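Read the structure below first, then the notes.
The values are calculated or read from the model by the stated rules, or taken from the named source; none is laboratory data. Please read all numbers here as calculations on a predicted model, not as lab measurements. So basically every Cβ, Gly included, is an ideal-geometry build from the backbone, and we count neighbours across all protein chains shown. Calculation scope for accessible area: heavy atoms of the full protein, side chains included, ligands and nucleic acids excluded. Shrake-Rupley method; radii C 1.70, N 1.55, O 1.52, S 1.80 Å.
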Amino acid sequence: MTTPKPPAPKSRPAKLPLALLAAVLSAVFCIGVFVLPAEPGRALRGGIGPDDAISLGWLMGAGMLGAVASVLLLRDGFGRAGRRGWLWAGVAGLAASALGGLFAGTLVMPGYGSMLGAMTVFFAVLEHPTRLAAWLVGVALLHLTARRWRR
């Protein structure tokens, strides 16, 4: 008599590829929201002073940490197969954006920054259609990366 095989464990996306991609996407988002809309050509002319560079570096670092933490917490929402998988990825992308902004805002300015950080992504995306397209591409990249590295 043979015993039935135990059910296979649910596969989960690998952490490292998602964390790296989330960090890169967050850095690009910070540049697109906080650097590019500033005075045209200011960064290219070397007009970013030491205080600006330190602030921007801290803002980007906090954003990257928030993005990595939120994507790792919500990684099971990415990488699923089929139409439902894309729906899960969209919901996980919305949640990760809010949660990552909350984490980043708390690091930058506890309390008030926590509230604003959670809304920053949504206001930035609603403000400009290019940012919306970039956000959608970012969520799709996370989803496809999670699908590729699902274990």
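For region 121-151, a tally of residues being under 19 Å from residue 74 (Cα atoms) and in a helix (DSSP H, G or I) returns 16.
If you go through region 1-33 and keep only what is of a type in the set (Lys, Arg) and either in contact with a strand residue (DSSP E or B) (Cβ under 9 Å, 6 or more places away or on another chain) or at pLDDT 80 or above (or both), you end up with 12, 15. Checked across region 117-126, the condition of being over 23 Å from residue 56 (Cα atoms) and either open to solvent by less than 90 Å² (accessible area, probe 1.4 Å) or free of Cβ contacts under 8 Å to residues at least 12 places away in the same chain (or both) holds for no residue.
Just one of the listed residues (76, 52) is surrounded by fewer than 16 Cβ atoms within 10 Å (Cβ to Cβ) and within 17 Å of the chain's Cα centre (by Cα), and it is 76.
Of everything listed in (1) of a type in the set (A, V, I, L, M); (2) surrounded by fewer than 20 Cβ atoms within 10 Å (Cβ to Cβ); (3) within 14 Å of residue 29 (Cα to Cα), the single unmet condition for residue 94 is (3).
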